[in-house]
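Input: a single structure, listed below in structure tokens.
The values are calculated or read from the model by the stated rules, or taken from the named source; none is laboratory data. Note that the structure is a prediction, hence the values are computed from the model and not measured. When we count neighbours, we look across all protein chains shown, and the Cβ atoms used for this are built from the backbone with ideal geometry, even at glycine.
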């Protein structure tokens, strides 16, 4: 991710509907899967740390990120259990954590190598909760700004997880209501902003933010109780198979 976006993330992570919706949905799955308040949770690619704050109520929380800027913002929030490091070779012992969250991380790295490392540091029957951008057809300059290597389909995400020691517990697309608008808006931005691509997270209209947040709450209900067949992102809950 470009360095200038970390300040945007820090400023918007608490109020922007997209961040709030993702955090709320992941929190539901954490609550559903972690019954022990002594659970140890690792947020891989912890960014500027708002998720660490939110997830701390489900157990003891740690964070790791490869960006010095991200770690600096985490410490600005008063977070201490944060480490500068690489997801492909993490400085943790085998079977250290009950749950690992990897929210919009796998698309930045060698996903097979990273999932093997996640599997290593997870305890027996531990879980991973991950989100990734969906559909290669939605690839845009925003993906390049964020240093994405790929976008996923449900099939490709399931395949890479199963190949690296996980069984799928739950998988669904996210943000189905954004699919067509994103396709159009990013195409227009690609044409207009040839030399500089402004952040897709900029949202100054509180009414639109409120509206989208409530649409996302409805979608959360649908995801929990069923599956959504398309969207701009994917969410998956998978369990270590202990093979």
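Restricting attention to segment 86-122, which residues are at negative phi and in a loop (DSSP other than H, G, I, E, B)? 87, 88, 90, 91, 92, 93, 94, 96, 105, 109, 110, listed by residue number. Scanning segment 51-70 for residues that are at pLDDT below 95 and crowded, with 20+ Cβ neighbours inside 10 Å turns up just one, 70.
Inspect segment 165-177 for any residue being more than 18 Å from residue 19 (Cβ to Cβ) and modelled with pLDDT under 70 and give the result as yes or no. The answer is no, given that none of the residues of segment 165-177 is more than 18 Å from residue 19 (Cβ to Cβ) and modelled with pLDDT under 70. Taken over segment 19-39, residues that are within 22 Å of residue 73 (Cα to Cα), in contact (Cβ under 8 Å) with a residue 60 or more places away in the chain and in contact with a strand residue (DSSP E or B) (Cβ under 9 Å, 6 or more places away or on another chain) amount to 3.
Name the residues in segment 155-171 that are in a helix (DSSP H, G or I) and in contact with a strand residue (DSSP E or B) (Cβ under 6 Å, 6 or more places away or on another chain), would you?
Start the filter on segment 155-171 by keeping residues that are in a helix (DSSP H, G or I), which leaves 155-163.
Answer for segment 155-171, where residues must be in a helix (DSSP H, G or I) and in contact with a strand residue (DSSP E or B) (Cβ under 6 Å, 6 or more places away or on another chain): 157, 158, 161.
Just wondering, is there one or more residues in segment 27-37 that are part of a strand (DSSP E or B) and over 13 Å from the mean Cα position of the chain (by Cα)? No, because not a single residue in segment 27-37 is part of a strand (DSSP E or B) and over 13 Å from the mean Cα position of the chain (by Cα). Listed conditions (1) in contact with a strand residue (DSSP E or B) (Cβ under 8 Å, 6 or more places away or on another chain); (2) assigned to a helix (DSSP H, G or I) are all met by residue 63, apart from (2).
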